[in-house]
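Visitor: Questions regarding the structure given below will be posed in turn.
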Amino acid sequence: MTLIKSISGIRGTIGGAVGENLTPIDAVKFASAYGVWLKQQRDKTHYIVVVGRDARISGEMIQNLVMNTLIGLGIHVVDLGLSTTPTVEVAVPLEHADGGIILTASHNPKQWNALKLLNAKGEFLNGVEGAKILDIAESDQMQFSDVDNLGKITKNQAYIDLHIDEVLDLELVNREAIDAANFKVVVDGVNSTGGIAIPLLLERLGVHAVKLFCEPNGEFPHNPEPLKEHLGDLSEKVVKEHADFGIVVDPDVDRLAFMDENGDMFGEEYTLVACADYVLSKTPGNTVSNMSSTRALNDVTELHDGTYEASAVGEVNVVELMKKNNAVIGGEGNGGIIYPELHYGRDALVGVALFLSLLAEKKIKVSALRNSYPSYYMSKKKIALTEGLDVDGILETMATAYTQEKLNTIDGVKIDFSDSWVHLRKSNTEPIIRIYTEAPSQMEADKLAHKIIEEIKAIANI
């Protein structure tokens, strides 16, 4: 059982001991710290926080704890109920709110949940802000409101529809071409809120959606991380239905992956590549992704005469660099699309709309679209951390061993070889070391990952 406190939010497993898991007491503690921090940002009499959740079994319990804690601080709550991470991000500025909280553990299994914290722009908190909240949580700064100044809850379950309205109003979403293409698409909503949002979006675009695992009951039918090895049912359904392609999202709908008409993965790394190709063809400019993402984005960006930059891993880092470099699109290679024309957050809904626009205009099959891009192959591995393991020391030793290669240490260790790379870093969301590699073939990528894993195990004696 685990409780992880980081700038990415407060994430843990449900049940168990206080301080070691995401128990009701921990949920109240960190919601209180967030509320206190929020009130420190501006001196005003009326504070608002937007709260939404994915369909996890523990979601309603955690949301009620969080909302009532905020009420106890005199903060008013806009309750979106079942929602998506990007929907809450869109709702915060539309509500003129002071912040937002999403109750979701993203791709983690059902025993996990988390508080993901937003600022008044509907964007994730930066490192300094996150650290301040962690400090408040361990302090005696908690001052709650008296009975005459408690907050109130207002329910608003229209925001998924409003979010879709915002997507459809984007200039680059070619609604006419999509409608004329008469697409048939299978949607795997992993029995969470993507099963609500994605079919609604497709319906508005004139796309026939075949639903698979779209009942938002929180009983994930497979590992909720949208990777090839978890998506056998989707592959079979796409072929059986003679669909044009398949769509899969994670439980909170900020990651997006596609499957071609043959039931083969388009590649989650190529979700951003394809969407960027479309956006850059209409609005030339720069792109950003994190340093664990494919080189193909750089290649496509250069083809459109733009400049590509890589950030440290983490949505907040990608967003910061996107703003600095005036990127017209960016995101993460895990299928996260950030399109600033809508908002600065990973958003599967806008990714679906941009991808459909590209496919409708090109009038080609998804497999042919994938073959039109440079081919790189990635291996994504991880090593579970044992208590007391000196991760920083391990990474430092690995960097020293490869000083003859091009190194980047802004986020773990990235080693660039002539035709491949490896990125090693400690996860912010799980007790693991991530090992990502990329090479000209899957065999080479897997071989490189295996080699690095063995070297890490030798150093750590595990």
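Visitor: Can you find, within segment 208-236, the residue that is nearest to Arg370 (Cα to Cα) among those that are small (Gly, Ala, Ser) and either in the same structural domain as Asp54 (by TED's automatic domain parsing) or touching a residue at least 12 places away in the same chain (Cβ under 8 Å) (or both)?
Guide: So, considering only residues that are small (Gly, Ala, Ser) and either in the same structural domain as Asp54 (by TED's automatic domain parsing) or touching a residue at least 12 places away in the same chain (Cβ under 8 Å) (or both), the one nearest to Arg370 (Cα to Cα) is Ser235.
Visitor: If you scan segment 64-93, which residues turn out to be more than 20 Å from the chain's Cα centre (by Cα) and either assigned by TED's automatic domain parsing to the domain that holds Asp254 or polar (S, T, N, Q) (or both)?
Guide: Across segment 64-93, the qualifying residues are Asn64, Asn68, Thr69.
Visitor: Quick check: is even one residue across segment 121-129 farther than 16 Å from Val50 by Cα, basic (Lys, Arg) and either within 19 Å of the chain's Cα centre (by Cα) or part of a helix (DSSP H, G or I) (or both)? I'd like the intermediate steps shown before the answer.
Guide: Just the residues of segment 121-129 that are farther than 16 Å from Val50 by Cα, to begin with: 126-129.
Then keep just the ones that are basic (Lys, Arg); that gives none.
Looking through segment 121-129, none of the residues is farther than 16 Å from Val50 by Cα, basic (Lys, Arg) and either within 19 Å of the chain's Cα centre (by Cα) or part of a helix (DSSP H, G or I) (or both).
Visitor: For segment 38-57, does any single residue satisfy the condition of being out of contact with any Asp or Glu (no Cβ under 9 Å at 6 or more places or on another chain), assigned by TED's automatic domain parsing to the domain that holds Gly151 and assigned to a helix (DSSP H, G or I)?
Guide: So far as segment 38-57 goes, yes, one or more of its residues are out of contact with any Asp or Glu (no Cβ under 9 Å at 6 or more places or on another chain), assigned by TED's automatic domain parsing to the domain that holds Gly151 and assigned to a helix (DSSP H, G or I).
Visitor: Which residues, counting only those in segment 179-201, are assigned to a helix (DSSP H, G or I), among the hydrophobic types (A, V, I, L, M, F, W, C) and crowded, with 24+ Cβ neighbours inside 10 Å?
Guide: Scanning segment 179-201 gives Ala197, Ile198, Leu201.
Visitor: Now, a different point. Pick out, from segment 344-462, the strands (runs of 3 or more DSSP E) lying fully within it that include 2 or more residues that are surrounded by 15 or more Cβ atoms within 10 Å (Cβ to Cβ).
Guide: Passing ranges, in order: 377-384, 413-416, 421-426, 432-439.
Visitor: Only one residue in Gly81, Gly9 is at positive phi, surrounded by fewer than 24 Cβ atoms within 10 Å (Cβ to Cβ) and out of contact with any Gly (no Cβ under 6 Å at 6 or more places or on another chain), so which one is that?
Guide: The unique qualifying residue is Gly81.
Visitor: Something else about it: Inside segment 282-293, can you point out the residues that are part of a loop (DSSP other than H, G, I, E, B) and either at pLDDT 95 or above or in contact with a His (Cβ under 9 Å, 6 or more places away or on another chain) (or both)?
Guide: Listed by number, the residues that qualify are Thr283, Pro284, Gly285, Met291, Ser292.
Visitor: May I ask you to verify whether Leu358 is modelled with pLDDT of 90 or more, of a type in the set (A, V, I, L, M), within 30 Å of Ile178 (Cβ to Cβ) and within 26 Å of the chain's Cα centre (by Cα)?
Guide: yes
Visitor: Does Ile25 qualify as being surrounded by fewer than 18 Cβ atoms within 10 Å (Cβ to Cβ), touching a residue at least 40 places away in the same chain (Cβ under 8 Å) and over 15 Å from Gly74 (Cα atoms)?
Guide: no
Visitor: Another question about this same structure. Working carefully through the options Leu134, Leu150, find the one that is surrounded by fewer than 20 Cβ atoms within 10 Å (Cβ to Cβ) and touching a Lys or Arg at 6+ places or on another chain (Cβ under 9 Å).
Guide: The conditions single out Leu134.
Visitor: Output the number of residues of segment 294-334 satisfying the condition of being at pLDDT 95 or above, surrounded by fewer than 19 Cβ atoms within 10 Å (Cβ to Cβ) and not in a helix (DSSP H, G or I).
Guide: Selection size over segment 294-334: 4.
Visitor: Still on this structure, I have one more. Looking only at segment 49-62, decide whether some residue is surrounded by 24 or more Cβ atoms within 10 Å (Cβ to Cβ), farther than 22 Å from Glu219 by Cα and more than 16 Å from the chain's Cα centre (by Cα).
Guide: The answer is yes; a qualifying residue exists.
Visitor: I need a count of the residues in segment 291-309 that are in contact (Cβ under 8 Å) with a residue 60 or more places away in the chain and under 19 Å from the mean Cα position of the chain (by Cα).
Guide: Qualifying residue count for the region: 3.
Visitor: Which of the following residues is touching a residue at least 60 places away in the same chain (Cβ under 8 Å), buried (at least 20 other Cβ atoms within 10 Å of the Cβ) and either over 21 Å from the mean Cα position of the chain (by Cα) or assigned to a helix (DSSP H, G or I) (or both): Glu261, Glu269?
Guide: From the options Glu261, Glu269, the qualifying one is Glu269.
Visitor: Let me ask something additional. Condition check: out of contact with any Asp or Glu (no Cβ under 8 Å at 6 or more places or on another chain) and farther than 23 Å from Lys380 by Cα. Does Glu320 satisfy that?
Guide: Spelling it out, Glu320 is indeed out of contact with any Asp or Glu (no Cβ under 8 Å at 6 or more places or on another chain) and farther than 23 Å from Lys380 by Cα.
Visitor: Further question on the same structure: So which of Val239, Val279 ends up being among the β-branched types (Val, Ile, Thr), part of a helix (DSSP H, G or I) and without any contact (Cβ under 8 Å) to a residue 40 or more places away in the chain? Break it down stepwise before answering.
Guide: Working: Val279 fails: without any contact (Cβ under 8 Å) to a residue 40 or more places away in the chain.
On inspection, the qualifying residue turns out to be Val239.
Visitor: Do we have Ala180 as closer than 17 Å to Leu359 by Cβ and of a type in the set (Gly, Ala, Ser) here?
Guide: Judged against the criteria, Ala180 is a match.
The values are calculated or read from the model by the stated rules, or taken from the named source; none is laboratory data. Note that this is a predicted model, so its numbers are computed, not measured. Note that each Cβ is placed from the backbone with ideal geometry, even for glycine, and that neighbours are counted across all protein chains shown.
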